[in-house]
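K.L.:
Structure provided below as structure tokens; questions to follow.
The values are calculated or read from the model by the stated rules, or taken from the named source; none is laboratory data. Model, not experiment: these values are computed from the prediction. Using ideal geometry, Cβ is built from the backbone for each residue, glycine included, and neighbour counts are taken over all protein chains shown. Calculation scope for accessible area: heavy atoms of the full protein, side chains included, ligands and nucleic acids excluded. Shrake-Rupley method; radii C 1.70, N 1.55, O 1.52, S 1.80 Å.
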Amino acid sequence: MSVIRKVVETAARYMPDRAPDPLMHSQGHIGKPYSRVDGPLKVTGGARFTAEFAAEGIAHAALVCSTIAKGRATTIDTAAAQAASGVIGVMTHVNAPRMKPPSLMNVDRPKAFAPSDLPILQDNRVSWNGQPLAVVVADTLEQAEYAASLVRVEYELDPAHVSFDDIKATAAPPSDILGEPAELTIGNPDASLAAADLTVDDLYRTPWYHHNAIEPHATTAAWSDDGTVMVFESTQTVSGNKYSLAEVFALQPEAVQVIALFVGGGFGGKAGLWQHTVLCVAAAKVTRRAVRLSLSRKNVFRAIGGRTIAEQRVALGARADGHLTALIHTGTTATTTHARYAEQCTFPPRHLYASDSIHVGQKVINLDLVPNTWMRAPGESIGTFALESAIDELAHRLKIDPIELRRINEPAKDPTKNIDFSNRNLIEAYRRGAAQFGWSRRSPEPRSQREGRWLIGQGVATAYYPVYRFPATARVRLSADGAAVVEAAANEMGMGTATVQIQHAAERLGLPIDKVSFEYGDSRLPDSPMAGGSSQTVSIAASVQAAIDTLQRELFKLARGHSDSPIASAKYEQTTLRDGGLFRIDQPGSGETYAAILRRAGKESIEAEASSSLPLEAMKYSMASYGAQFCEARVNEESGEVRLSRWLGSFDCGRVVNPKTTASQLRGGIVMGIGMALTEETFFDRRNGRVVNPSLAEYYVPVNLDVPPIEILWTDIPDEHTPIGARGVGELGITGAAAAVANAIFNATGKRVRDLPITLDKLL
Ligand code: MOS
């Protein structure tokens, strides 16, 4: 952990809390199920995605990717491609512009990061099978793809490590994990384990998973004669990409405009700056044409990383009454020499259970594969699979109901940080979920429920995802006609970002919902953090709150001292924004509308821009969203086929800003959890690291018939330490989901599968 972080963290603990947001319990637009403002454009086809922006004389790019895992491309013969019809140019390391490698992924500096710090097309080194080696630009996509097939590459091979098992013995702890210590011990876990009345101690394996957003990654880049560049990009990080691309091409950030109005899914896969984006911008520079590079599904598998393989050990010791005496959770994940991302699989055990002793520890190995990256609740999703499977096993052996076991071990304070929770109602979420799901009707005995050949079982598991809030800036503009526009570079990938910030701003300004709009998805707007880590709602809300507070001061200055203003003699602290104007708090009817204030001041509009405060609350309190996942599974005794028949997620995620978008986010997460549990797995050729199932025909994501009806509940208890009391929900639904499936299957069959995905061969 860095010294600076340590100092800030210590200081934060002694700082007084910020006053809770006055909107914490407001009863206006927040909490209402508004439909997404981007919905009509999407369903009518009016929404334009990155690969759909027209530019004059646009050319199309295709990638040539490495077919070896490690070595050098000694010859890249482009002659035939150059001569092919329609080809404008072929770019390799020989003629690519000189470019600085982007900064590595770094959460302390969210403006500029990349999944890999490799130089891009600057030399002939090959670091993974699928690494782009050449870009062919042609008049049409078909011409580019055909010409790319004509590029001949000769290689010199270096020995490569592409198999986790081959080198897992070389695992070593990383220096830190997202700023947290890689290892941590409280008490004497080994001694406690040895002395426990009952123990479980097992290994859990999760495979490599690949991102498969509906919209494959795409870039459209166009340079202007003045040396500025416009980049339409399918990204979760509009502002971040601006800074990163400026760094790569040695430009001022203002010279780069990144636009992402709509994004067809990201889930972490579009958080970083990947090679294809840089290559598209470079190819546009070299060919002096506007260039579009839209990855094929196959190239998404090759060039875009996903979740790495992991092996985790969970050992639990307990007294006969269920009290945990030892909690040991260690894990090894893979990364690469140029990615260095240790997926935080041991974060959940640091916060979920009170245990007399705790040990967590993580190690990493370096594979020669596509750089691993953030994916669908990275860390917490695989970590909760291991931990929550182990807790279920312990409950079974102790003959204690698994929900009761969690209640017994619910901590009063964060067990490893020894600080208070900002707000935690996990047991309440279990209580509500159990009542609604009918948990009391479940038989704890495995194989005790059946319908013909179908064995039936129910399982539960805890969902857990931390609260991240990143610094953000927003601008709010009020017009004399009483309308407001909120501006931030933010992303809308379908989560409801625009909708919930409109609700938020309308409520804070006291305006009707249809008087507020939100401009986003353009790096010329005020900087936003990436839409990742389930952080966007609170991050942007904090900056919108700051901007509106600033706006209120400006309005007050305009009204103050005007004898005809009802607030002429008021102090600023005595004013509030409501009913479309600035009013006195103590005199309900006393105030004037924004329109009146602006008219008198002779202004068409007024605007304010402000940045949010540092997220010190997250250092003072243990902050997370929680949940209880309830799953019912049916397993065919003869074929091993698994069918999920019921799902209920009961969440504690702070105040729900919009029930419609929140339920949708949580359902989507659960669907991803189902894929993780039952169907998804990337296979690499052990000889050369090539992805052998790079398509949706061979990499199975859940489809409608794989997903049961999903009921969503929430506690809806505001978290006083976040803006508007909300917490993140984007990733929460994924966590605990795979364990709930595995636990339901155990209850159905008596088989404990610790190796995902749970395919039918593992149940026979
Ligand atoms: Mo998320 S995996 O932080 O986009």
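K.L.:
Can you give the extra length, in nm with one decimal, that the chain gains between SER443 and ASP139 once fully stretched, where that is 0.36 nm per residue apart less the Cα-Cα distance? Walk me through the numbers before you get to the answer.
P.N.:
On the way: separation 304, 0.36 × 304 = 109.44 nm, distance 6.48 nm.
Length difference between fully extended and current span is 103.0 nm.
K.L.:
Taking 8 Å as the Cα distance limit and 6 or more residues as the minimum spacing, I'd like the relative contact order of the stretch 432-584 as a percentage. Write out the running numbers ahead of the final one.
P.N.:
Working: 213 pairs, mean separation 35.3, N = 153.
23 percent.
K.L.:
Name the residue from SER535, ALA570, THR550 whose Cα lies farthest towards the positive end of the charge dipole of the stretch 505-575, charges +1 on Cβ of Lys and Arg and -1 on Cβ of Asp and Glu.
P.N.:
Of the options given, the answer is ALA570.
K.L.:
Would you grab the residues whose amide H sits under 5 Å from the one on SER590? Only those 5+ places off in sequence or on another chain, please, with H modelled 1.01 Å from N.
P.N.:
Under 5 Å from the amide H of SER590 lie the amide H atoms of ARG584, each far enough along the sequence or on another chain.
K.L.:
Would you mind getting me the FRET efficiency between LEU203 and ASP514? Use the beta-carbon distance for r and R0 = 60 Å, nearest 0.05. Write out the running numbers ahead of the final one.
P.N.:
Numbers: r = 56 Å, r/R0 = 0.93.
According to the calculation, E is roughly 0.60.
K.L.:
Another question about this same structure. At 0.36 nm per residue, and after removing the present C-alpha to C-alpha distance, how many nm does the segment from ARG524 to SER149 gain when stretched out fully?
P.N.:
131.2 nm
K.L.:
Could you give the accessible area per residue of the stretch 109-254, probe 1.4 Å, as a whole number in Å²?
P.N.:
Values: 6110 Å² over 146 residues.
Accessible surface, normalised per residue, equals 42 Å².
K.L.:
Please compute the Cα-Cα pair-distance distribution of the chain with 20 Å bins starting at 0, giving whole percents from short to long.
P.N.:
Values per bin, smallest distances first: 16, 47, 31, 6, 0.
K.L.:
With labels modelled as points extended 7 Å from the Cα through the Cβ direction, what inter-label distance (nm, one decimal) is found for ALA195 paired with LYS168?
P.N.:
Between ALA195 and LYS168, the label points sit 3.1 nm apart.
K.L.:
Label ARG453 and SER35 with points 7 Å out from Cα along Cα→Cβ: what is the distance between them in nm?
P.N.:
Each label point lies 7 Å from its Cα, and together they span 4.4 nm.
K.L.:
Dipole of the stretch 139-231, Cα-centred, from +1 at each Lys and Arg C-beta and -1 at each Asp and Glu C-beta, to the nearest 20 debye?
P.N.:
Numbers: 3 positive and 18 negative charges, 34 e Å.
About 160 debye.
K.L.:
GLN252 versus ASP481, label points 7 Å from Cα toward the beta carbon: distance in nm?
P.N.:
Result for the modelled spin labels: 3.4 nm.
K.L.:
Sticking with this one: Each residue of the stretch 267-281 in order: what ³J(HN,Hα) in whole Hz does its phi give by Karplus 6.51 cos²θ - 1.76 cosθ + 1.60, θ = phi - 60°, with x for Gly and Pro?
P.N.:
6, x, x, 10, 7, x, 8, 8, 4, 4, 5, 4, 5, 5, 5
K.L.:
Give me the accessible area per residue for the stretch 431-485, probe 1.4 Å, as a whole number in Å².
P.N.:
With all protein chains present, the stretch 431-485 gives 43 Å² per residue.
K.L.:
Cα to Cα, under 25 Å, and not fewer than 8 places away if on the same chain: which lysines meet these conditions relative to LYS6?
P.N.:
Answer for LYS6, where 25 Å is the Cα cut-off: LYS111, LYS363, LYS413, LYS417, LYS620, listed by chain and number.
K.L.:
Continuing with this model, one more query. Amide H neighbours of VAL516 under 5 Å, counting only residues 5+ apart in sequence or on other chains, H built in-plane at 1.01 Å?
P.N.:
ALA484
K.L.:
Averaged per residue, what accessible surface does the stretch 530-603 expose to a 1.4 Å probe, in Å²?
P.N.:
41 Å²
K.L.:
Return the loop-located trypsin sites (Lys or Arg not before Pro) in the stretch 293-352 (DSSP other than H, G, I, E, B) with at most 15 other Cβ atoms within 10 Å of their own Cβ; answer none if there are none. Let's see the in-between values first.
P.N.:
Working: sites: ARG297, LYS298, ARG302, ARG307, ARG313, ARG319, ARG340, ARG350; in loops: ARG319, ARG340.
Within the stretch 293-352, the qualifying trypsin sites (Lys or Arg not before Pro) (loop, at most 15 other Cβ atoms within 10 Å) are ARG319.
K.L.:
Be a star and scan the stretch 726-764 for residues whose amide nitrogen sits under 11 Å from the point 7 Å along the Cα-to-Cβ vector of ASN693.
P.N.:
Backbone N within reach: 757-760.
K.L.:
When DSSP assigns beta bridges and you keep just the ones with both residues in the chain, what percent turn out antiparallel, to the nearest 5?
P.N.:
Details: 98 of 127 bridges.
Antiparallel bridges make up about 75 percent of those DSSP assigns within the chain.
K.L.:
Please list 729-737, 446-454 highest first by mean number of surrounding beta-carbon atoms within 10 Å per residue.
P.N.:
Details: 729-737: 31.1, 446-454: 13.8.
In decreasing order of mean packing, 729-737, 446-454 become 729-737, 446-454.
K.L.:
For the chain, with all protein chains present and a 1.4 Å probe, just round the carbon and sulfur fraction of the accessible area to a whole percent. Walk me through the intermediate numbers first.
P.N.:
Details: 14660 of 28160 Å².
Reported share for carbon and sulfur atoms: 52 percent.
K.L.:
Quick query: amide H of SER645 versus all other amide H atoms, modeled in the peptide plane; which residues come in under 5 Å with a sequence gap of 5 or more or a different chain?
P.N.:
For SER645, the qualifying residues are GLU632, ALA633, ARG634.
K.L.:
Counting pairs of alpha carbon atoms under 8 Å apart in space and at least six apart in sequence, what relative contact order in percent does the chain give?
P.N.:
17 percent
K.L.:
On to the next question. In deg cm²/dmol, rounded to 500, what helix-only [θ] at 222 nm does the chain give when every DSSP H run of at least 4 residues adds -39500 (n - 2.57) and the total is split over its residues?
P.N.:
On the way: 18 runs with 193 residues, N = 764.
Taken over the chain, the calculation gives -7500 deg cm²/dmol.
K.L.:
Subtract the Cα-Cα distance of VAL43 and LEU760 from 0.36 nm times their separation in residues, and report this length gain in nm to one decimal. Display every interim value, and only then the final one.
P.N.:
On the way: separation 717, 0.36 × 717 = 258.12 nm, distance 3.72 nm.
My answer for the length gained is 254.4 nm.
K.L.:
Would you mind checking the pairs LYS42/LYS515; LYS100/LYS242; LYS660/LYS751; LYS100/LYS168; LYS42/LYS100; LYS42/LYS270 and listing those with alpha carbons more than 26 angstrom apart?
P.N.:
LYS660/LYS751; LYS100/LYS168; LYS42/LYS100
K.L.:
Classify the stretch 30-82 as rounded, prolate or oblate from the Cα gyration tensor: take a ≥ b ≥ c as the square roots of its eigenvalues, call it rounded if a/c is under 1.5, otherwise prolate when a/b beats b/c and oblate if not.
P.N.:
Values: a/c = 6.18, a/b = 2.25, b/c = 2.74.
Judged from the Cα gyration tensor, the stretch 30-82 comes out oblate (a/c at least 1.5, b/c at or above a/b).
K.L.:
On to the next question. In what order, largest first, do HIS161, HIS60, HIS210 sit by accessible area if the probe radius is 1.4 Å? It would help to have the intermediate numbers written out before the result.
P.N.:
Numbers: HIS161 90, HIS60 35, HIS210 0 Å².
Largest to smallest exposure gives the sequence HIS161, HIS60, HIS210.
K.L.:
Quick check for me: using +1 on Lys/Arg Cβ and -1 on Asp/Glu Cβ, what's the dipole size of the chain about its Cα centre, in debye to the nearest 20? Show your work: numbers first, answer last.
P.N.:
On the way: 78 positive and 84 negative charges, 58 e Å.
Around 280 debye, computed over the chain.
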